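See below for the structure under consideration.
The values are calculated or read from the model by the stated rules, or taken from the named source; none is laboratory data. Just so we're clear, the structure is a prediction, and the values are computed from it rather than from any experiment. Heads up, the Cβs are rebuilt from the backbone with ideal geometry, glycines too, and the neighbour counts pull from every protein chain shown.
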Amino acid sequence: MDESSGRSALVVGAGIGGLTVAAALDRAGWRVTVLERAPQLGEVGAGISIWPRAWAILTELGVAEHLVDGVRPAIQAGLRRPDGRWLAKAGAATTARGPVMVHRARLHEALVGSLGEVEIRTGVTVDQVCDGGRGAVVETTAGDSLEADLVVAADGIRSSIRSGVRSRDDVRYAGYTAYRGVTAKPVPGEASTSGGETWGAGVRFGYAPLVDGRTYWFVSANRPAGERSDDHHRDVTALVGDWHEPIAQLIAATPADAVLRNDICDLRLPLGRFDHGRVALLGDAAHAMTPNLGQGACAAVEDAAALVARLVDEPEIGRALTAYDRERRPATQRLVRASRLVGTVGQIDNGAVLAARDAGITGVGAIAGLLGR
Ligand SMILES: Cc1cc2nc3c(=O)[nH]c(=O)nc-3n(C[C@H](O)[C@H](O)[C@H](O)COP(=O)(O)OP(=O)(O)OC[C@H]3O[C@@H](n4cnc5c(N)ncnc54)[C@H](O)[C@@H]3O)c2cc1C
């Protein structure tokens, strides 16, 4: 154990961000308790892209080795129109620089397996955090108070801890909803050797093979906030079922009750501070972004590594958290902004602007960052 030995941390939220920081703090010698409001640990969701920096952190924590069974396939990726014509080709994505695509539940499971001495309490909802003199005090909705040297708020986009330290409502609806699915088993042919996105008018489809051979896909569509529907599988078939192959094939290979739908939101800019005394905001609680770059969870993993590194460098917690804020807020704010921009361009539904967009992409072919998706 290093000089952190004996210090205590409460981590609020057992999502990817909370579990990663809990594992990293545990390795640095902290006594860590995770408080999660769900009655049991687990993650629904579909596929998730893990980019190289986050992958390196997960490797260091001993998590990555549980995620990949064999050699990652090189896939042909790019951006297409609904009729299948290429707007831009990315070539075969290399395995060294591209993202690793895994099922979210598998990442969550591997993180839980890496927790060492961490104590996890489920079914505990945190109401607020206040300064307790010697430490930070977490109050739960059941009326309990828990004190620790450090509190990490990893309680997601609708963080009650963030709401407690800021006066404004930070959450912004992006104007589109996302459907996600994973095929029940590997789909042979193009679906297992290709990936990328297809952009129509106000609707996008994207897919990528997961490391376990199944295929993850998503559809995003311009919709009013909060709209409900009772058959997501039917919705996506109506939206993109007549687009180029293998889209219909992938949707047909996905169980009807396994298609998720979420309205897409992010946090208003500029982002507020990530440090509040002995409380650090992390992951979506600090910088929820639209999923257009596939970077939200990766940024949470990077937050965790940065926070623990600053706490190791600087024994005074308030100063360590300020250094963490200085390092992570500008970097993640750039991601929120860039991701929002990609979504705005991708969701264009006005005919004339759409034609200009597609011509621009074909002509310039310079959105390489998108193509790995
Ligand atoms: C459609 C879609 C696709 C995405 N694709 C990708 C991708 O490919 N790659 C990528 O990197 N990111 C992706 N993301 C983003 C990613 O999902 C999030 O950034 C990431 O899950 C955030 O993790 P988190 O731990 O910060 O928050 P969350 O996953 O939201 O976890 C918060 C946890 O806190 C708990 N909690 C909340 N409030 C309380 C409370 N008051 N008390 C106790 N517990 C509480 C919740 O139950 C939850 O377990 C995607 C997001 C969406 C919507």
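One table, with the values for the structure above:
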| read-out | value |
| --- | --- |
| Residue count for segment 35-56, restricted to those that are under 14 Å from the mean Cα position of the chain (by Cα) and either near the ligand (Cβ under 8 Å from one of its atoms) or surrounded by 17 or more Cβ atoms within 10 Å (Cβ to Cβ) (or both) | 10 |
| Filtered residue count, segment 300-315, keeping only those that are assigned to a helix (DSSP H, G or I) and touching a residue at least 60 places away in the same chain (Cβ under 8 Å) | 10 |
| Any chance residue 256 is away from the ligand (no atom under 16 Å from the Cβ), over 27 Å from residue 85 (Cα atoms) and among the hydrophobic types (A, V, I, L, M, F, W, C) | yes |
| Sole exception among (1) farther than 23 Å from residue 20 by Cα; (2) under 18 Å from the mean Cα position of the chain (by Cα); (3) crowded, with 24+ Cβ neighbours inside 10 Å for residue 261, by number | (3) |
| Selected residue [farther than 15 Å from residue 50 by Cα, at pLDDT 75 or above and out of contact with any helix residue (DSSP H, G or I) (no Cβ under 7 Å at 6 or more places or on another chain)] from 80, 106 | 80 |
| Residue within segment 269-278 that is more than 16 Å from the ligand (Cβ to nearest atom), in contact (Cβ under 8 Å) with a residue 60 or more places away in the chain and assigned to a helix (DSSP H, G or I) present | no |
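Conditions tested, residue by residue: (1) modelled with pLDDT of 95 or more; (2) within 13 Å of the ligand (Cβ to nearest atom); (3) within 18 Å of the chain's Cα centre (by Cα).
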| residue | (1), (2), (3) |
| --- | --- |
| 9 | yes, no, no |
| 19 | yes, yes, yes |
| 29 | yes, no, no |
| 33 | yes, yes, no |
| 58 | yes, yes, yes |
